[in-house]
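Step one of this worksheet: look at the structure below.
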Amino acid sequence: MTTGDVEILLVEDSAKDAKLTLHALRQEKLANSIEVVEDGEEALDFLSCRGRFSGRTFKQQPRLVLLDLKLPKVDGLEVLRIAKSDPRTKAIPIVVLTASKEEKDLVESYRLGVNAYIQKPVEFESFRHAIKQLGLFWLVVNQPPPNSAFQP
Amino acid sequence: MSGANRIAQRIPRGESSFVESEVEKKPKLFDGSIVSGLREAVQFISNILESSTEYSIIGNDLEGTILLWNEGARRLYGYAPEEVVGKANSSMLHTPEDVRAGKPQQLMEMALREGKWEGTINGLRKNGDKFTARVVLTPRRDAAGKPVGFLLISKDISDEMQAESEIRKLNEELEQRVAQRTAELEAANKELEAFTYSVAHDLRAPLRHVDGFSKLLQEEHGQELSAGAQEYVSTIRESVLQMGALIDHLLNLTRVGRKELNVQVTGLNSLVEEVVADLRRANPNRDIEWKIQTLPFIECDPALMKQVFVNLLSNAVKFTRPRSPAVIEVGACREDHHPVVYVRDNGVGFSMKYVDKLFGVFQRLHRAEDFEGTGVGLATVQRIIRKHGGRIWAEGELDQGATFHFTIGSHDKGPVNPLSSGGNR
């Protein structure tokens, strides 16, 4: 589903991590439509509606982006910087989901305007719990930005 | 004798104070000296001039014609007195560049105006060598105070300049070496950071996968597995969690090493209370008697100091598990005017035989089956204490409890039982 109403964009280069994340999200029935991209370049293509995502429009932005930091081609912090500096994508909630708890990554992410930062727990139970909380909050509790928020 | 003659000859009458005082019985040459007559006065001055071999002393008239030339001048400039006295102009003592720039004239004008000029000049020797001289130029005046010429006292400071420039050069080289070493250290540090970063990211990821998929295996295919197979899967997951904790603790240890201290005056009682409250919440079923004495305010990094208490007090809670009630005491005493903080418990203790293993990374004195742990906690505590310039040591007896003492910022007299390194419980 590349042109429809994608609810969550999962930016994750590890197929295993993606599988576990999707499993947790689907188990909680939190998202019907999840797009997975494997590197930062694809993530930017998706958000900017270009490349293989040129069929998308800025009016169909996802309700949540789950962003890994360590990514091939363009790293997560760079994706965050570009997405948060473009008025057409700035309002999209972006949550960093990473193995790193390094202070510099936290500082840089928040400076760039990340909406939340989660360190992936090693224990699957905690990981699933974190994903569930995250999905519940951003897709159920939170009021998403209206379309007008994505206009330049 | 020749010096005295030269001087007598070349100083015109009426120009010099001792010549005028010739008529007096005991003429005063200058403050603090009395000479009996002209001959003695001339001899006196002559001695001064001729023994000043390190200093060139030159007298000239207002036009610059040299009238007086001592031994120091001969050594410095290379001319014999008979080559220059009455014949040469003092401007020839300057380099041609300075002469062209009018420097000798300017110096004389300044000396006349200010009463004296002091500074360095570029001197020129008879053989053409250039050198740097420190110079004092003062006007000579007649009895009426009218300037009649100058006295030029100079000293070759080329050697000093050379030494100074060598010191400067050495300093520059030293600075360069320091900069280079610093750059190397920074590079090594960066590498270490990159390493810990990839440990954090890359080692945790496969662990997460092992745990995640074995959990899914249990959940979705548990019924297809025999009891033995299910136990294997549980064991796999336990080990994964253990390794995850190890990695986290190791990362924390390296982070403590890299962190800069944010020192402020900190009340230890409030830190300890926070930690105790957390431990009470985490162990609701334990019967623990906490004895918290009045603790000092010390200068330390509060976040790191809290970690010290978290580790020491969690250890105390852990190793008193077989006790009811467990008694855990935190107190302070003074030793050599420095506060010593201690944490004491009535737990399973340890044998002093292994005390030197206590603070080492991955060192454990108990079976993992009895007391869980990664063997990094006390190493982290020791690193924090050492970062604060303090020391930590332990006393214990098997089955009789353990006491940990630490000081902050006292490098002097060691404690009764100092441990340079050590291990874990």
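No lab work stands behind these numbers, since they all come straight from the coordinates. Fair warning: this is a prediction, and the values are worked out from it, not measured in the lab. We place every Cβ from the backbone using ideal geometry, glycine too, and count neighbours over all the protein chains shown.
Take a quick pass over segment B:259-407 and tell me how many lysine pairs come in under 18 angstrom between Cα atoms, counting only ones 8 or more apart or on separate chains. Mind showing how you got there, number by number?
On the way: B:Lys259/B:Lys306; B:Lys259/B:Lys387; B:Lys291/B:Lys306; B:Lys291/B:Lys318; B:Lys306/B:Lys318; B:Lys306/B:Lys387.
Lysine pairs meeting both conditions in segment B:259-407 amount to 6.
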What list do you get for A:Cys49, B:Cys300 if you sort them by fewest beta carbons within 10 Å? A:Cys49, B:Cys300
Counting alpha carbon pairs within less than 8 Å and at least 6 residues apart, what relative contact order, in whole percent, applies to chain B? 9
Expressed as a whole number of Å, what is the distance separating the alpha-carbon centroids of segment B:174-215 and segment A:29-50? 30
Amide H neighbours of B:Glu335 under 5 Å, at least 5 residues apart or on other chains, H built in the peptide plane: list them. B:Val340
Using only the Cα atoms of the protein assembly as shown, what semi-axes does the equivalent ellipsoid have when each is the square root of 5 times a gyration tensor eigenvalue? Give whole Å, largest first. 86, 39, 20
To check you understand DSSP bridge types, tell me what percent of the beta bridges within chain B (both residues inside) are antiparallel, rounded to 5. 90
In Å and whole numbers, how far do the C-alpha atoms of segment B:259-407 stretch along each principal axis, longest first? 40, 31, 29
Quote the relative contact order of chain A in percent (integer), defining contacts as alpha-carbon pairs under 8 Å separated by 6+ residues. 25
Straight-line reach from A:Lys132: which lysines have Cα under 21 Å away, leaving out those fewer than 8 places along the same chain? A:Lys16, A:Lys19, A:Lys29, A:Lys101, A:Lys120, B:Lys215
Relative to the compact-globule estimate 2.2 N^0.38 Å (N residues), the Cα gyration radius of segment A:1-138 stands at a ratio of 0.96
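Using the Kirkwood formula over every pair of different C-alpha atoms, what hydrodynamic radius in Å results for chain B?
Numbers: mean 1/r = 0.0333 Å⁻¹.
In chain B this quantity evaluates to 30.0 Å.
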Residue by residue through A:96-109, how many Cβ atoms from other chains fall within 10 Å of the Cβ on average? 3
